[in-house]
Each structure stands twice: as structure tokens, then as C-alpha cells.
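Below is one structure, written out as C-alpha cells; the observations come after it.
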């Protein structure tokens, strides 16, 4: 079953409005976690739609525009580094997803969420592992969340150019770890992440 047939079969079972939900930014050492909720219309087909992690940046931007133009509804939830430190990353991710649902204009009949459940949301939910490879709606949400978060991190690059956030987007690449060692954490680093606080700083 392809990702479009998966969602279509659920619509035929009595869930006409399906919101796919995914996040970007659970793993990075800096910046926010961003969630997106996307409702696609029955019969929508978007060429190349797949898991955002498998899509090159230029193609992601093109898919982002197409999803934005064709989606019936779209909601974004953003939880910043300070709230991630306060809540922990799983609770912050759930909160971002809840905000994304609340920012939809329509109430979905069903949520398909990538491997996370939302106990505080009363809408019926499915939580497939690797949901972006199973559901077109989740794949669309993964593209939206990734593009929104990448844009935020590119803006942070202007504030903290020494860390080169525009390149690694806050993930723990070798370059990022070297920059952390050289400069120490900046205001958007997640202090609750041990990789941030265990870096050996120069004397």
C-alpha cells in the first residue's frame, strides 16, 4: 500500500478529515522543536512527497510550497529551547504537536502521528512508527516541520554566526561539537542535553 492509499483507505472507513503530524528538531543540541499538522484533500497527489529526511534541501523547499498551496488546512507548533529544558524533549515534542493541532482551522476526524501519542488531545489517533513512510499526510507534515525549523535556525545563524547554524541546524555534527568546544554554549543551546554541558571547554 502506498502512502496515498493508506490515507484514502482511512477516509473510506469514515475519517474524511485526516491530519498527519510530525516534528523536526528532537535530536539537535540547539534551537526549538517544531511540529506540523497537515490535512490533505482526498485525491491529492504531490510528486516526490516522502520522508523529509530523504529529500534534498532544494526539493524540500519546492515540496513545502506545493503542500502549502494544496493542503486543506495546516497548523504549526513551536516549542523553544528554554521550554525543552523545562519540560524535557519528549514532553516538549508532544506540546509542539498539540499546539500544531490547536492551530488548525478545522477539527480533524483522525490524527496520524509519527510514533508519538497525545494523551491530552481527545481526537482519535493512530501512531505508526516511521509514519512519514506510511502516510502521505505525515510525510507532508514532516516536510513542513523541517522547512519551518530550518528557516528558524538560519535566522539564528545571523545572531550567532560563529556556530554556523545555517549549515548543521543545531545537530551534533563534528563541526558543531568543535564550535561548542571553542565558544561554549550560546543562549539557544539546550542546557538539559548532556552533550551540551559535558563539552570540555578550553581554559
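The values are calculated or read from the model by the stated rules, or taken from the named source; none is laboratory data. All values derive from a computational prediction rather than experimental measurement. A quick note on method: Cβ atoms are made from the backbone with ideal geometry, for glycine too, and the neighbour counts reach across all protein chains shown.
Quick notes on this structure:
- Complete set of residues in the range 154-184 that are assigned to a loop (DSSP other than H, G, I, E, B), surrounded by 14 or more Cβ atoms within 10 Å (Cβ to Cβ) and either modelled with pLDDT under 95 or in contact with a strand residue (DSSP E or B) (Cβ under 8 Å, 6 or more places away or on another chain) (or both): 170
- Test result for residue 84, crowded, with 23+ Cβ neighbours inside 10 Å, over 21 Å from residue 152 (Cα atoms) and either under 18 Å from the mean Cα position of the chain (by Cα) or at pLDDT 95 or above (or both): no
- Output for the range 88-117, where each listed residue is in a helix (DSSP H, G or I) and surrounded by fewer than 16 Cβ atoms within 10 Å (Cβ to Cβ): 90, 91, 102
- Test for residue 137: is it surrounded by 23 or more Cβ atoms within 10 Å (Cβ to Cβ), touching a strand residue (DSSP E or B) at 6+ places or on another chain (Cβ under 8 Å) and either closer than 19 Å to residue 77 by Cα or modelled with pLDDT of 95 or more (or both): yes
- Any hit, the range 121-130, residues being at pLDDT 95 or above, crowded, with 20+ Cβ neighbours inside 10 Å and touching a helix residue (DSSP H, G or I) at 6+ places or on another chain (Cβ under 8 Å): no
- Residue check, residue 136 touching a helix residue (DSSP H, G or I) at 6+ places or on another chain (Cβ under 9 Å) and closer than 26 Å to residue 193 by Cβ: no
- Single residue of the range 124-134 satisfying the filter (free of Cβ contacts under 8 Å to residues at least 60 places away in the same chain and in a loop (DSSP other than H, G, I, E, B)) that is nearest to residue 77 (Cα to Cα): 127
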